[in-house]
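Here's the structure, in structure tokens; my notes come after.
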Amino acid sequence: MRVSLFITCLADQLYPEVGESVVRLLHRYGCEVDFPEVQTCCGQPAFNSGYQDEAREVARNLVRAFEHSDYVVTPSGSCSGMVHHYYPYLFQDEPEWKDKADKLVAKTYEFSQFLVKVLGVSDLGAYFPEKVTYHPSCHAMRLVGIKEEPQALLSNVQGMEFIDLPRKEDCCGFGGTFAVKMADMSQAMVCEKAANVCATNANVLVGTDMGCLMNIGGRLNKEGKPIRVLHISQLLEEGVNNGERK
């Protein structure tokens with residue numbers, strides 16, 4: 001199975017180790033992974049700020065980058081949500097590009113979604129003996145409908161004590177440009193989210209979006225809370241390695 005990695009801006013610039021974990025796990029299940037180097041941003045920051053023409057031009061580049069891919073996998077429900085929901089809208093008046101956008105939508109998957117729904121994998125043989133709580137990101141959950149897949153993967157991790165996060169469906173306050181435009185409100189939201197994470201007494205927070213995890217992790221670090229923050233791919237890869245050594 002040939003898969004193209006859509007790395008996203010945050011992972012590319014700040015968390016490349018997330019992309020590496022994704023690729024190693026996909027290789028484990030027989031996927032041939034390529035990385036189109038012409039890919040850039042999905043256009044979400046511009047789109048959310050009202051710059052639709054600029055977002056459309058950025059989107060064209062992403063469509064071109066993955067035009068010949070069989071599957072496109074990304075470690076971000078947020079960027080996947082941008083492609084799924086807003087690319088057809090951006091190109092609604094351009095039939096040729098609308099068709100290309102629809103084809104990209106049909107083959108684009110968030111990482112946990114791809115593992116469970118396409119590869120049919122929910123048990124990776126991982127062993128991770130830690131107390132873990134999970135933050136479901138808004139865009140993954142509400143835009144792409146990713147609810148069961150991360151839970152299915154986490155429920156099969158051996159040795160892990162999973163603790164449900166209070167008010168887990170509340171936004172963390174990041175929202176891309178929202179955190180900049182509405183800084184005070186964003187801070188109040190992430191403070192509440194961090195408090196709920198701490199209330200679980202978990203020592204690991206896991207999620208599917210590095211935007212959310214960066215925001216929550218930054219708040220936890222500012223408060224001096226020794227809680228590891230991991231993308232689900234990182235937790236699973238570490239767990240797989242633990243399981244092999246066990």
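Derivation of every value follows stated rules applied to the coordinates shown; laboratory data play no part. Source: prediction; values computed, not measured. Don't worry about glycine lacking a Cβ; one is built from the backbone with ideal geometry, like all the others, and counts go over all protein chains shown.
A few points about this structure:
- For Glu32 and Glu54, the FRET efficiency from 1/(1 + (r/R0)^6), where r spans their Cβ atoms and R0 equals 41 Å, is about 0.75.
- Spin-label pair Asp164-Cys191: with each label point 7 Å from Cα along the Cα-Cβ axis, the two points sit 2.8 nm from one another.
- Taking 13 Å as the straight-line reach from the Cα of Lys100, the aspartates and glutamates in range (excluding those fewer than 8 positions away in the same chain) are Glu67.
- Considering every alpha-carbon pair of segment 2-118, the percent of pairs per 10 Å bin, from zero through the bin containing the longest distance, is 14, 49, 30, 7, 0.
- Gain upon complete extension [Lys225, Ala199; 0.36 nm per residue less C-alpha separation]: 8.2 nm
- Largest-first ellipsoid semi-axes for the chain, taking √(5λ) over the Cα gyration tensor eigenvalues, angstrom: 29, 23, 14
- Gyration tensor over the Cα atoms of segment 131-245: the corresponding equivalent ellipsoid has semi-axes (square roots of 5 times the eigenvalues, largest first) of 24, 16, 12 Å.
- Calculated mean residue ellipticity, 222 nm, the chain: -14500 deg cm²/dmol, from DSSP H runs (n ≥ 4) at -39500 (n - 2.57) each, averaged per residue and rounded to 500.
- D (Stokes-Einstein, µm²/s), Kirkwood Cα radius, segment 31-83, 1.567 mPa s at 4 °C: 110
- Summing charges over neighbours of Glu192, with a neighbour being any other residue whose Cβ is under 9 Å away from its Cβ, gives +1 when K and R count +1 and D and E count -1.
- Amide H to amide H distances under 5 Å link Phe162 with Val132, where only residues 5 or more positions off or on other chains count and H is placed in the peptide plane.
- Packing here is the average count of other Cβ atoms within 10 Å per residue, and on that basis the peptides 137-144, 193-200, highest first, run 137-144, 193-200.
- In this structure, the residue pairs whose Cα-Cα separation is over 21 Å, taken from Lys225/Lys246; Lys107/Lys147; Lys181/Lys225; Lys147/Lys246; Lys131/Lys225; Lys117/Lys246, are Lys225/Lys246; Lys181/Lys225; Lys147/Lys246; Lys117/Lys246.
- Estimated FRET transfer efficiency when R0 is 30 angstrom, pair Thr40-Arg142 (beta carbons, to 0.05): 0.75
- Counted without the sites themselves, the longest stretch of the chain free of GluC sites (Glu not before Pro) in a DSSP loop having at most 12 other beta carbon atoms within 10 Å is 68-168.
- Whole-number percent relative contact order across the chain, with pairs defined as alpha carbons under 8 Å at least 6 apart: 20
- Net charge of neighbours whose Cβ lies under 14 Å from the Cβ of Leu14, counting Lys and Arg as +1 and Asp and Glu as -1: -4
- FRET efficiency, Arg2 to Asn61 (Cβ-Cβ, R0 25 Å, nearest 0.05): 0.75
- In summary, the aspartates and glutamates within cross-link reach of Lys168, defined as a Cα separation below 15 angstrom excluding same-chain residues under 8 places away, comprise Glu148, Glu192, Asp209.
- Length-normalised contact order for segment 131-245 - Cα pairs under 8 Å, 6+ apart - percent: 31
- Between the alpha-carbon centres of segment 195-246 and segment 30-93 there is a gap of 27 Å.
- Rounded, prolate or oblate (a/c below 1.5 giving rounded, otherwise prolate when a/b exceeds b/c) for segment 49-187 by Cα gyration tensor: oblate
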